[in-house]
Amino acid sequence: MKNGAIYNLQFTIYNCYQCSSQLIFNIHSRDEMKEKHTEKMALIADNLWKEYKRNPVVCGVNFTLRPGEIMGMLGPNGAGKTTTVGMLYGAVIPTRGFVKLGEYQIRDRGREARYYMGIVTQEDNLDPDFSVFENLVDFAHHYRITGKAARLRAGELLARVGLQDYSKNRVDELSGGMKRRLVLARALINKPQIVFLDEPTTGLDPHARQDFWKLVTQLKLDGAGVLLTTHYMDEAQRLCDRLLLMQRGKVIDEGSPSELIDRTVGREVAEVEGLSEQFLQQLASQYQTWYSPFGNAYLLGLPSDSDREVWEQLTAAAAAESLKRRRANLEDVFLRLTGESLEA
Ligand SMILES: Nc1ncnc2c1ncn2[C@@H]1O[C@H](COP(=O)(O)OP(=O)(O)OP(=O)(O)O)[C@@H](O)[C@H]1O
Ligand SMILES: [Mg+2]
């Protein structure tokens, strides 16, 4: 661990566990944290911009994350989600705008604010020299959780993420999904008020993903604010109270999952293969609905007032086996709004 590593926050958080621990250690290296806030605080992002070499990658993002709320941030690869999350906890310095957690401006008082935060970065940054258990206990020290209390908390969290049988293993002996679970456990060591989860379930098996959903729901019930980025639309639909849809650095829409579905794609959708784009385009324009490519097929919104007519035209033109009718979902919203599939 290098002294003064805090000057390069982006590197410390993204690439190096030891430097990231330095970042958190610095919270407690002064008498800043005499009293811990027990009242829940909201996180405010105000007109956040980030440019790299004058190239804007985040362009004026605004939102408030309230205690007890799970907010999802969705968008295609490169939309600016990780960069935005980085600005929220102080790893990325905004070009313009600011972030506040309660009274703490992240720019000036980031170390204090991070005392209340749990962070799961998109890339794992565990310490390969420590065992699974030691990774947690060592991290707990940075929050002045030491001795028996640290060991108890580490044991409890390992059980919560299903890694209790691996506590003595080295980190490089874990599978990719197990490392994700350990990073999640580590983020909760300080019982954070605000939790940032940047693609936390990538690589998790279906059971582990369900366990994770339970855990996040519990965080919400405990009053934590959770910001989640994910490419899994089922996960976003199931967990999030509110969603921000990002594309090319901008928030292009926001709302609850059901609001977005109703407003953007309607109630029902047809999936059809083997018809020309021209036919779909014509049908969509005749009935004032939308269509979108979907792999080798197309999606067509079935308008609630003329669904029968549209469906009749489709059944007359396409073979029955290449036609399907179903409820609209969040993935349809994205295909329509971003023109790109998100489960990439
Ligand atoms: N340090 C950096 N220097 C230059 N450009 C960067 C840097 N970090 C990110 N970018 C660019 O910013 C844009 C947004 O990247 P970001 O990682 O925030 O996207 P994302 O929405 O998290 O994507 P993904 O879904 O793939 O994780 C991309 O075009 C990326 O190349
Ligand atoms: Mg990302």
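Below is a table of values for the structure above.
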read-out: Pairs, first among the acidic types (D, E) in segment 40-52, second in a strand (DSSP E or B), C-beta under 8 Å, six or more apart; value: D46/N62; D46/G97; D46/F98; D46/V99; D46/K100; E51/V57
read-out: Where a residue in segment 172-201 is in the same structural domain as A159 (by TED's automatic domain parsing) and farther than 26 Å from L74 by Cβ and its partner, wherever it lies, is at pLDDT below 95 and within 16 Å of ligand 1 (Cβ to nearest atom), with Cβ under 9 Å and at least six apart; value: S175/G203
read-out: Scope segment 244-283; condition of a type in the set (A, V, I, L, M) and under 14 Å from D332 (Cβ atoms); matching residues; value: L245, L260, I261, V265, V269, A270, V272
read-out: Qualifying residue in segment 223-232 (condition: more than 30 Å from E309 (Cβ to Cβ) and surrounded by fewer than 18 Cβ atoms within 10 Å (Cβ to Cβ)); value: yes
read-out: Given (1) modelled with pLDDT of 95 or more; (2) in a loop (DSSP other than H, G, I, E, B), index of the condition P128 fails; value: (1)
read-out: Qualifying positions in segment 309-323 - small (G, A, S) and over 20 Å from S285 (Cβ atoms); value: A319, A320, S322
read-out: Residue list for segment 237-253, restricted to those being outside any helix (DSSP H, G or I) and more than 18 Å from G68 (Cβ to Cβ); value: L245, M246, Q247, R248, G249, K250, V251, I252, D253
read-out: Count of segment 260-279 residues which are over 25 Å from the mean Cα position of the chain (by Cα) and buried (at least 22 other Cβ atoms within 10 Å of the Cβ); value: 3
read-out: Single unsatisfied condition, V216 versus (1) at pLDDT below 95; (2) surrounded by fewer than 21 Cβ atoms within 10 Å (Cβ to Cβ); (3) closer than 30 Å to Y143 by Cα; value: (2)
read-out: Which listed residue, of R153, R144, R186, R181, is surrounded by 15 or more Cβ atoms within 10 Å (Cβ to Cβ), modelled with pLDDT under 95 and closer than 30 Å to A42 by Cα; value: R181
read-out: The listed residue being buried (at least 17 other Cβ atoms within 10 Å of the Cβ), modelled with pLDDT under 95 and in the same structural domain as V310 (by TED's automatic domain parsing), out of Y287, Y291; value: Y291
read-out: Count - residues of segment 59-100 that are buried (at least 21 other Cβ atoms within 10 Å of the Cβ), in a loop (DSSP other than H, G, I, E, B) and within 16 Å of ligand 2 (Cβ to nearest atom); value: 5
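The values are calculated or read from the model by the stated rules, or taken from the named source; none is laboratory data. Since this is a predicted model, take the numbers as computed values, not measurements. Quick reminder, even Gly has a Cβ in these numbers, built from the backbone with ideal geometry, and neighbours come from all protein chains shown.
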